[in-house]
Amino acid sequence: MSGYAGRLRCVRCGREYPDPSLALIGAGCPVCAGQGVPANVLPVYDLAAAGELPVDPSQPGLFRYRALLPLAAGTTPVSLGEGGTPLVDLPHLADRTGVAQVWVKDESRNPTWSYKDRLAAVAVTKAVEVGAETVVVASTGNHGAAIAAYAARAGLRCVVLTLASVPATMKTLMQAYGADVVALQRPADRWTLMRELVADRGWMAMSGHADPPAGSHPYGVDGYKTIAYEIAGRLPAVPDVVIVPVAYGDGLAGIGRGFADLAALGLIERVPRLIAAEPFGPLAEALAAGADTAGPVPVRPSVAFSTASPFGTQQSLAALRASAGGAVATPDDEEIMATQLQLAGEAGLYLEAAGVTAAVALGKARSAGLIAAGDRVVIVGTSTGLKDVGATAARLPEVPAIEPSVAALDEALAARPAG
């Protein structure tokens, strides 16, 4: 039985809107927008109707949890087998940061190698449910690639509005899945164009287009709830802390909602504290000041470009405050990239720079007293480092070409940089 109540609720003012409220997708609550504070609207559930956490093994990918996803009963899932990603123990990181235990939820194992596949699976399924023919997304890479792949699976046209500064690998990935990809110079230009396309052509937004941002596709956000379900189902006890890389907070909000579901169903005794890892710190500043809005803050080019936002969203603030959590700025590119290579070299995990910010934030949160020595922590590794190989290669020595002899090999090994 489905627990979806068939309506959406604003994360800020609490007003409710009927499903599907297509004009609100990407724009958020019109009342809050009119007050100059864009806020997302997210699905409402009747958990009593759902009963215990229902798992249907006959459904593909994350749709085994479809009773707690915002879909009509007869809708056919659009799936590429997403979800079910591993929790990998990181004992070296735990030792360095002085906590009891650390795991990474390795979302690079998803079909397009990022956690955006969870959002895309649900958002594109909803697009099919409401009869959309074209979907449009503003993205610096992972989101666009995921939507493009799932749109291809569903037979929908996909248009991606990206930025000229995005690495070529990301652009290639989006194009490879058949999307029509165009690049603009400024982030806000994408949102302006998206609003026109949604209003004039009826295309379905797959990401946010409010300015300042409200968050992404409200139905797709709940695809991230399944990360919480999987973490709770895999560990003997709920972790104390979950650290999530954050731009507009779709993943953070969804994970928080997933843990809230489990608590409401009586399956866990408490919700983990959520910590946002963000390159420039708008959420950290807002929480410290007790402010109702987050940002804008000064920004610059960042290796963690997919999360490098000057704004925090209302859905992020709501998730952090509901879990008594916090936020940590991770502005140092060299620290991020050194941590990337450290995790790759000691744990066999090659994560994208934006995903590595969760590991960097762990150390900073521990130093700041946001995390205690006895805490058990999950960091969300949002995507693979293969999305931006150039940033990694720039910090590695050139591969030497040698003669086929042991002596030549020894000479090359001896010449390797220390560390």
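The values are calculated or read from the model by the stated rules, or taken from the named source; none is laboratory data. Note that the coordinates shown come from a computational prediction; the quantities given were computed from them, not determined experimentally. Backbone-built Cβ (ideal geometry, glycine too); neighbour counts: all protein chains shown. Accessible surface is based on the protein model in full, side chains and every heavy atom, while ligands, DNA and RNA are left aside. Shrake-Rupley method; radii C 1.70, N 1.55, O 1.52, S 1.80 Å.
Residues of the range 125-138 being under 27 Å from Gln59 (Cβ atoms), aliphatic (A, V, I, L, M) and not in a loop (DSSP other than H, G, I, E, B), which ones?
Within the range 125-138, Ala127, Val128, Val130, Val135, Val137 qualify.
Which of the residues that make up the range 197-206 are in a loop (DSSP other than H, G, I, E, B) and either β-branched (Val, Ile, Thr) or in contact with a His (Cβ under 6 Å, 6 or more places away or on another chain) (or both)?
Residue satisfying the conditions is Met206 alone.
Which one of the conditions (1) at pLDDT 95 or above; (2) surrounded by fewer than 19 Cβ atoms within 10 Å (Cβ to Cβ) does Lys225 fail to meet, given that it meets all the rest?
Of (1) at pLDDT 95 or above; (2) surrounded by fewer than 19 Cβ atoms within 10 Å (Cβ to Cβ), only one is false for Lys225: (2).
Within the range 130-137, identify whether any single residue is buried (at least 22 other Cβ atoms within 10 Å of the Cβ), touching a Phe, Trp or Tyr at 6+ places or on another chain (Cβ under 7 Å) and more than 30 Å from Gly233 (Cα to Cα), and answer yes or no.
Yes, there is a match, as at least one residue in the range 130-137 is buried (at least 22 other Cβ atoms within 10 Å of the Cβ), touching a Phe, Trp or Tyr at 6+ places or on another chain (Cβ under 7 Å) and more than 30 Å from Gly233 (Cα to Cα).
Residues in the range 190-222 that are open to solvent by 10 Å² or more (accessible area, probe 1.4 Å) and either more than 22 Å from the chain's Cα centre (by Cα) or hydroxyl-bearing (Ser, Thr, Tyr) (or both): how many?
11
Conditions (1) modelled with pLDDT of 95 or more; (2) part of a helix (DSSP H, G or I); (3) not polar (S, T, N, Q), marked per residue:
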{"position": "Glu335", "(1), (2), (3)": "yes, yes, yes"}
{"position": "Ala354", "(1), (2), (3)": "yes, yes, yes"}
{"position": "Ala359", "(1), (2), (3)": "yes, yes, yes"}
{"position": "Leu370", "(1), (2), (3)": "yes, no, yes"}
{"position": "Thr392", "(1), (2), (3)": "yes, yes, no"}
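Tell me the strands (runs of 3 or more DSSP E) entirely within the range 1-61 that contain at least 2 residues that are among the basic types (Lys, Arg) and under 25 Å from Pro77 (Cβ atoms).
Result: 4-10.
Just need a number here: residues in the range 237-258 that are over 12 Å from the mean Cα position of the chain (by Cα) and either assigned to a strand (DSSP E or B) or modelled with pLDDT under 95 (or both).
2
For the subset of the range 394-412 comprising residues that are open to solvent by less than 90 Å² (accessible area, probe 1.4 Å) and in a helix (DSSP H, G or I), which member is farthest from Gly355 (Cα to Cα)?
So, considering only residues that are open to solvent by less than 90 Å² (accessible area, probe 1.4 Å) and in a helix (DSSP H, G or I), the one farthest from Gly355 (Cα to Cα) is Ala407.
Give just the number: which of (1) touching a residue at least 60 places away in the same chain (Cβ under 8 Å); (2) in contact with a Leu (Cβ under 6 Å, 6 or more places away or on another chain) does Arg96 not satisfy?
Result: Arg96 passes all but (2).
Inside the range 139-173, can you point out the residues that are in contact with a helix residue (DSSP H, G or I) (Cβ under 7 Å, 6 or more places away or on another chain), open to solvent by less than 60 Å² (accessible area, probe 1.4 Å) and either farther than 20 Å from Val128 by Cβ or not in a helix (DSSP H, G or I) (or both)?
Of everything in the range 139-173, those that are in contact with a helix residue (DSSP H, G or I) (Cβ under 7 Å, 6 or more places away or on another chain), open to solvent by less than 60 Å² (accessible area, probe 1.4 Å) and either farther than 20 Å from Val128 by Cβ or not in a helix (DSSP H, G or I) (or both) turn out to be Thr140, Gly141, Asn142, Leu156, Cys158, Val160, Leu161, Thr162, Leu163, Pro167, Met170, Leu173.
Any idea which residue in the range 65-92 is farthest from Leu262 (Cα to Cα), counting only those that are crowded, with 19+ Cβ neighbours inside 10 Å and of a type in the set (D, E, K, R)?
Glu82
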